[in-house]
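One structure is given here, and the rest of the page talks about it.
The values are calculated or read from the model by the stated rules, or taken from the named source; none is laboratory data. The model shown is predicted, which means the values in this text are computed figures rather than measured ones. Positions of Cβ are generated from backbone atoms using ideal geometry, with glycine treated the same way; all protein chains shown enter the neighbour counts.
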Amino acid sequence: MIGSSDIMSRISDEKILEIRNSVNIVDIVSEYLPLVQKGKNYFGVCPFHDDHNPSMSVTQDKQMFKCFVCGVGGNVFTFLMEYEHISFLEAVKKIADKVNIQLDIGPITKKSVSHLSKYYEMYDLSMKYYQNNLKTASGKDALKYLQDRGINEEIIKEFGIGISYKGDKLYKMLKASKHDDKGIEESGLCNYNDKGYYDVFSNRIMFPLFDIDGKVVAFSGRIYNTTDSSKYVNSKESPIFKKGQMIYNYHRVREFVRKSGQVIVVEGFMDVIALYKVGINNVVATMGTAITSEQARLIKRLSTDVILMFDGDNAGNKATVSCAEELQKVGITPKIIRLEDKLDPDDYINKYGIERLKEHIENPISLIDYKMIIYKENKNLQNSVDVSNYINEVIKELKFVNDKIVRDLVLQKLSNETGVSLNTISSIIKKEETNKIIKPELIKPSKKMNRYEKAYKGLLFYMLRYKEVIRIVDDSNVFIPNREHRLLACEITSFYEKYENINIADFTAFLGDKKELVEIVNQIFDLPLPEEYINEEIDDYIKVLNEYTVNLEQKRLEELMKESKSDIDKADIAKKIIELKKEWI
């Protein structure tokens, strides 16, 4: 009864339940986002909608998760399917791999992305090719260049660093690996001119760029023994590389972030490597000065405790503000590290040492304090116009600050810096707040259930909890009007017949990739009904649904009576209607 015939042929129900029972959902979810225990349950910021407060609950005893805002919920497989956008079978395989349970199910492919596999293969081959080049005699200069900058063999191996040669050697290698010219050119690894195909990257140190799953999707090539005007050459966007969807080091950083509870965001991959080589591992890069909403959501999935450490120059300041504002849109207010002397992290470590950088990491400044520094730059606080502009800029930022103590401290600081009285600044804020038009939040009215819907949902609610109710419903031969809910009742009965019990986490695993039914289970399971059932209530539910069946059949017979032209037939139908009512009432 698992989700599809394909899955059934490859893995048994028993094996799926064994895998589900081999892990604790709290441990698995904790690998992806921070959870805080409150009572019996654990809570975290929901990664499936724009969540500003922890609204996702993970229940250890039921082995289920549920967001009380967007409604997404299910077992450990459901979480992986939703979080990583993978199939049910892939989620089962991931959990099995984590607990070393052997699954001989053959290759897992996604039809939707199978056409991209050739590009992933080309980039993986290219990385290995570049890495191998670094070990040859021609790679000695590049290797020395890396070592002189503190990038040792361990870092080279960890980050897949290599070297590209001039000419068309990569192209020939890809051709020898049975890749066609069109695909090679589309990948962005090679180009074509009047002399034929040639490698895009020429005589550069190659840094592979990985997607969030750890697959190589692009490269950045750095000069090391030439005066080329382009310090870095980066892969163009391709079918597998979209810069705005990428967070560098994402696949490697999850465990480090889980341990520290914090993620540091830097501008580029070299900043990540610079920090990694001195033992700071909870670092990701946005791969540029701008950040997209998708990148902000990816960062939020790692942690809501975010530190921005961009370059200390003007471009870095602008990037910090831009990134912070994008993160605020998804409910994160980051803390900031501002490096002195306009340095990037690598140069800062070389100049001031790792201990001083760690002091910054342990004592980041708040976003509002950082913005006050930025707004104050290039302003003359002896000039009344500059003072007015500065105060108004800071006041606009205060609308994002909910902490009353922080607000009061900022206002006091603003007054001290400018010489403008606290009363005057406070009056400006009050005037702004008075002028705001407050729109009442529109609450969508919940759809009112009719008595029949209440009856079948009530039955399903208790069927998901008690095997006794499953037996009662099965014996009653009651008809559920809604097709999806009727299918769910059949699945519950099938599960009970096979395992002689009912368990919500196991049952949702039993449903496999039947997402529609899993969604209904989540809705039914959280209905505001008493946990304990009473027999009279179950009997009432069944009577209401039997009444529905009688009414349906009565309408059908009445339609037949209208269409009939024979008095004898009409009398016979009328007799059937009377008998029908006697039988069920």
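For the residues Ile502, Ile443, the requirement of being among the hydrophobic types (A, V, I, L, M, F, W, C) and at pLDDT below 85 singles out Ile443. Evaluated against (1) modelled with pLDDT of 85 or more; (2) touching a Phe, Trp or Tyr at 6+ places or on another chain (Cβ under 8 Å); (3) crowded, with 18+ Cβ neighbours inside 10 Å, Leu529 falls short on exactly one condition, (3). Note on region 210-277: enclosed strands (runs of 3 or more DSSP E) holding 3 or more residues that are of a type outside the set (D, E, K, R) and assigned by TED's automatic domain parsing to the domain that holds Ala290 are 263-266.
When Thr333 is tested against the conditions (1) surrounded by 15 or more Cβ atoms within 10 Å (Cβ to Cβ); (2) part of a helix (DSSP H, G or I), the lone failure is (2). In the set Phe207, Phe201, only one residue is surrounded by 19 or more Cβ atoms within 10 Å (Cβ to Cβ), in a loop (DSSP other than H, G, I, E, B), out of contact with any Asp or Glu (no Cβ under 7 Å at 6 or more places or on another chain) and of a type outside the set (S, T, N, Q); that residue is Phe201.
For Ile349, the criteria (1) under 21 Å from Ile264 (Cα atoms); (2) at pLDDT below 90; (3) aliphatic (A, V, I, L, M) hold in every case but one, which is (2).
To keep it simple, each residue is scored yes or no on (1) closer than 25 Å to Glu90 by Cβ; (2) of a type in the set (Ser, Thr, Tyr).
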position: Glu453; (1), (2): no, no
position: Phe461; (1), (2): no, no
position: Leu488; (1), (2): yes, no
position: Ser494; (1), (2): yes, yes
position: Thr508; (1), (2): yes, yes
position: Val518; (1), (2): yes, no
position: Val521; (1), (2): yes, no
position: Asp526; (1), (2): no, no
position: Asp539; (1), (2): no, no
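Sort out which residues of region 211-253 are within 23 Å of Leu146 (Cβ to Cβ) and free of Cβ contacts under 8 Å to residues at least 12 places away in the same chain, and write them in order of number. Scanning region 211-253 gives Thr227, Asp228, Ser229, Ser230, Lys231. On the stretch given as region 91-130, residues that are closer than 28 Å to Ser220 by Cβ, in a loop (DSSP other than H, G, I, E, B) and either modelled with pLDDT of 85 or more or touching a helix residue (DSSP H, G or I) at 6+ places or on another chain (Cβ under 7 Å) (or both) total 0. Is at least one residue of region 130-146 at positive phi and not hydroxyl-bearing (Ser, Thr, Tyr)? For region 130-146, residues at positive phi and not hydroxyl-bearing (Ser, Thr, Tyr): absent. Go through region 309-318 and give me each residue that's surrounded by 15 or more Cβ atoms within 10 Å (Cβ to Cβ) and either more than 17 Å from Met270 (Cβ to Cβ) or at pLDDT below 90 (or both). Asp311, Gly312, Gly316, Asn317, listed by residue number. Of the residues Glu393, Glu377, only one is closer than 19 Å to Asp311 by Cβ and in the same structural domain as Ser426 (by TED's automatic domain parsing); which? One residue alone meets the criteria, Glu377.
The residues in region 360-411 that are among the polar types (S, T, N, Q) and assigned to a helix (DSSP H, G or I) can be counted, and the count is 4. The single condition among (1) among the polar types (S, T, N, Q); (2) farther than 22 Å from Met287 by Cα; (3) in contact with a strand residue (DSSP E or B) (Cβ under 7 Å, 6 or more places away or on another chain) that Asn225 does not meet is (3). Selection within region 45-62: residues that are touching a helix residue (DSSP H, G or I) at 6+ places or on another chain (Cβ under 9 Å) and closer than 21 Å to Ile504 by Cα. The member of this set that is modelled with the highest pLDDT is Val58. Annotation: of all residues in region 215-246 being more than 18 Å from Tyr130 (Cβ to Cβ) and in contact with an Asp or Glu (Cβ under 7 Å, 6 or more places away or on another chain), the one that is surrounded by the most Cβ atoms within 10 Å (Cβ to Cβ) is Met246.
Does Phe256 satisfy being without any contact (Cβ under 8 Å) to a residue 40 or more places away in the chain and under 19 Å from Glu158 (Cα atoms)? For Phe256, the condition - without any contact (Cβ under 8 Å) to a residue 40 or more places away in the chain and under 19 Å from Glu158 (Cα atoms) - is met. Return a yes/no flag: does region 512-524 have any residue that is in the same structural domain as Phe461 (by TED's automatic domain parsing) and over 30 Å from Glu82 (Cα atoms). There is no residue in region 512-524 that is in the same structural domain as Phe461 (by TED's automatic domain parsing) and over 30 Å from Glu82 (Cα atoms).
Set side by side, the residues Ala296, Ala290 differ, and just one is part of a helix (DSSP H, G or I) and under 26 Å from Leu367 (Cα atoms), which is Ala296. Pick from Lys182, Lys144, Lys128, Lys178: which is exposed (fewer than 13 other Cβ atoms within 10 Å of the Cβ) and closer than 30 Å to Ala274 by Cα? Selected residue: Lys144, the only one of Lys182, Lys144, Lys128, Lys178 that is exposed (fewer than 13 other Cβ atoms within 10 Å of the Cβ) and closer than 30 Å to Ala274 by Cα.
Scanning region 127-146 turns up one or more residues that are under 35 Å from the mean Cα position of the chain (by Cα) and closer than 17 Å to Ser238 by Cα.
Residue count for region 288-309 under the criterion of being in contact with a strand residue (DSSP E or B) (Cβ under 7 Å, 6 or more places away or on another chain) and polar (S, T, N, Q): the result is 1. One residue stands out among those in region 45-71 that are more than 23 Å from Ser22 (Cα to Cα) and in contact (Cβ under 8 Å) with a residue 60 or more places away in the chain: the one that is surrounded by the fewest Cβ atoms within 10 Å (Cβ to Cβ), which is Asn53.
Using the structure shown, decide if Phe88 is crowded, with 18+ Cβ neighbours inside 10 Å, assigned by TED's automatic domain parsing to the domain that holds Asp27 and closer than 14 Å to Arg301 by Cα. So that I can check it myself, show each step before the final result.
Working: crowded, with 18+ Cβ neighbours inside 10 Å: yes; assigned by TED's automatic domain parsing to the domain that holds Asp27: yes; closer than 14 Å to Arg301 by Cα: no.
When the stated conditions are applied, Phe88 does not pass them.
With respect to the conditions (1) at pLDDT 85 or above; (2) part of a helix (DSSP H, G or I); (3) under 22 Å from Met449 (Cα atoms), Ile480 lacks only one, and its number is (2). Of all the numbered requirements in (1) in the same structural domain as Leu189 (by TED's automatic domain parsing); (2) surrounded by 13 or more Cβ atoms within 10 Å (Cβ to Cβ); (3) in contact with a Ser or Thr (Cβ under 8 Å, 6 or more places away or on another chain), Lys169 misses one, and that requirement is (3).
Among residues of region 359-370 that are more than 21 Å from Asn392 (Cα to Cα), those with a beta-carbon under 6 Å from a residue that is at pLDDT 90 or above and part of a loop (DSSP other than H, G, I, E, B) at least six positions away or on a different chain give the pairs His360/Ile337; Pro364/Ile337.
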